[in-house]
Amino acid sequence: MKQHLVIFDTTLRDGEQSPGASMTKEEKIRVARQLEKMRVDVIEAGFAAASPGDFDAIQAIAQTIKDSTVCSLARASENDIRRSGEAIRPAKSGRIHTFIATSPIHMEKKLRMSPDQVVEQAIKAIGWAREYTDDIEFSAEDAGRSELDFLCRIFEAVIKAGATTINVPDTVGYNIPFQYAETMRQLIERVPNSDKVVWSVHCHNDLGLAVSNSLAAVLAGARQVECTINGLGERAGNASLEEIVMAVRTRADVFPVETRIDATQIVPASKLVSQITGYPVQPNKAVVGANAFAHESGIHQDGVLKHRETYEIMRAQDVGWTQNKLVLGKHSGRNAFKTRLQELGIELDSDEALNAAFARFKELADRKHEIFDEDLHALVSDEVVTPDQEHYKLLYSHVCSETGEMPHAKVILSVGGVEHKGEADGGGPVDATFKAIESIVASGAELLLYSVNAITTGTDAQGEVTTRLSKAGRIVNGNGADTDIVIASARSYLNALNRLHSSLDKVKAQGDV
């Protein structure tokens, strides 16, 4: 009888901490709904004390999600935990995830606390959390570089205080699989009442070992893995949910566990997160990359044609790879449009939002004969914005680019409801457009990234553009999609400017598990 492996998804918390990957509340709800549809056990929806925006998003997700546990991260401080407790209060199943650093370098240099003080604070944190829920997770930040004896001591104390899940994070991606597995094995053997809790892992990918470390820990007794869609996360990212789930499923002969994940929702989740965050998936990414099931070699092609399992250990359709589905056209009605969005897990909050998205769909249908699911995801991502995010809006664009001449762009923007005109020359049509926009807004932002990806195949495919801007230490991504790549670029740039203008800065967290 196989044991259940809890899949704890932290895309909305740790994943969002990737530079520029910040999401709006509406976008977070869309991702959370897809995670619930995929049957993720625990959704870490955010860091409630980080900002009012994070608190609101967690609370909204707690009100929306019914089939997954909704979790909020909190430092081991009373304010953090009470904010988390209030945020998850509406949840059918809620969890508070509290943490404090335990490595010598973190305790001395960052916390400036003695080991005794750290243990005392951890016990207090569990007590505060128990006022809100019985589902309490405790993490020893930087456990991968902590002393084993001290980990045993603090884990024994928090289990006695009421923690129900113990997380042993490799916060800085320092561990090696055999070493990490041995740490987990010894902790489970040495900590009193270790059988009364679920042991968890949270691995970062700084050395490219996040998935390997996580799976090694599972073999050593861990029964929860913390991971993200597409491996999104701080620095080099986290363990990839899709790789963890499919490794456990594919190598059922090795792993004594199983998950409840609906694997056919993996690729849709990957595409949704990629489109919302602006982080494209590399073609050779395991499971969800465009080439994950492609075969170029003649020997491989011959083998697969004769018997698929000669070179494929998974079936593409099992993880959600299907032929692009032609769903709608220019004659499709509003009800058919709404129904297809619901089938894709996209629910708009109001009739006004639906009408705006439908108008955009009709406009796209006049320019693009075939509209696929990917187009609808991009279309809604472009449409679902709140008024305060629309400080800058593109009203008109004209670009002239011809051989031997300097490209020239003219734009008309709405800035806070007031029309402004601007024009500029540039090294290319996109460069000219960005300079024309800047002639109006004078943002002072630095362009860190400009990336273009085709959403579907064909020369009439929408181009999806990601721009990453930096200003005053803050980094944001902007997204835009259109069959006209220059228009998509302008929308993406303005989307990034709106994010810089509208959202509240998050307070700097004390640490990260």
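The values are calculated or read from the model by the stated rules, or taken from the named source; none is laboratory data. Model, not experiment: these values are computed from the prediction. Every residue, glycine as well, gets a Cβ built from its backbone with ideal geometry; the counts of neighbours run over all protein chains shown.
For (1) farther than 23 Å from Arg190 by Cα; (2) crowded, with 18+ Cβ neighbours inside 10 Å; (3) acidic (Asp, Glu), each residue gets a yes or a no:
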| site | (1), (2), (3) |
| --- | --- |
| Ala74 | yes, yes, no |
| Gly85 | yes, yes, no |
| Pro90 | yes, no, no |
| Ser103 | no, yes, no |
| Ile126 | no, yes, no |
| Gly144 | no, yes, no |
Condition (residue is basic (Lys, Arg) and assigned to a loop (DSSP other than H, G, I, E, B)) applied to the range 130-137: is it met by at least one residue? yes
Filter result for Thr459 (closer than 20 Å to Glu374 by Cα, of a type outside the set (A, V, I, L, M), modelled with pLDDT under 80 and not assigned by TED's automatic domain parsing to the domain that holds Ile371): yes
Does the range 380-393 contain any residue that is in a helix (DSSP H, G or I), buried (at least 16 other Cβ atoms within 10 Å of the Cβ) and at pLDDT 80 or above? no
Exactly one of Leu207, Leu148 is touching a Leu at 6+ places or on another chain (Cβ under 8 Å) and surrounded by fewer than 17 Cβ atoms within 10 Å (Cβ to Cβ), and that one is Leu148
Is it fair to say Tyr174 is of a type in the set (Phe, Trp, Tyr), more than 25 Å from Thr69 (Cβ to Cβ) and either buried (at least 22 other Cβ atoms within 10 Å of the Cβ) or assigned by TED's automatic domain parsing to the domain that holds Asp14 (or both)? yes
(1) assigned to a helix (DSSP H, G or I); (2) surrounded by fewer than 19 Cβ atoms within 10 Å (Cβ to Cβ); (3) modelled with pLDDT under 90 all hold for Arg249 apart from (3)
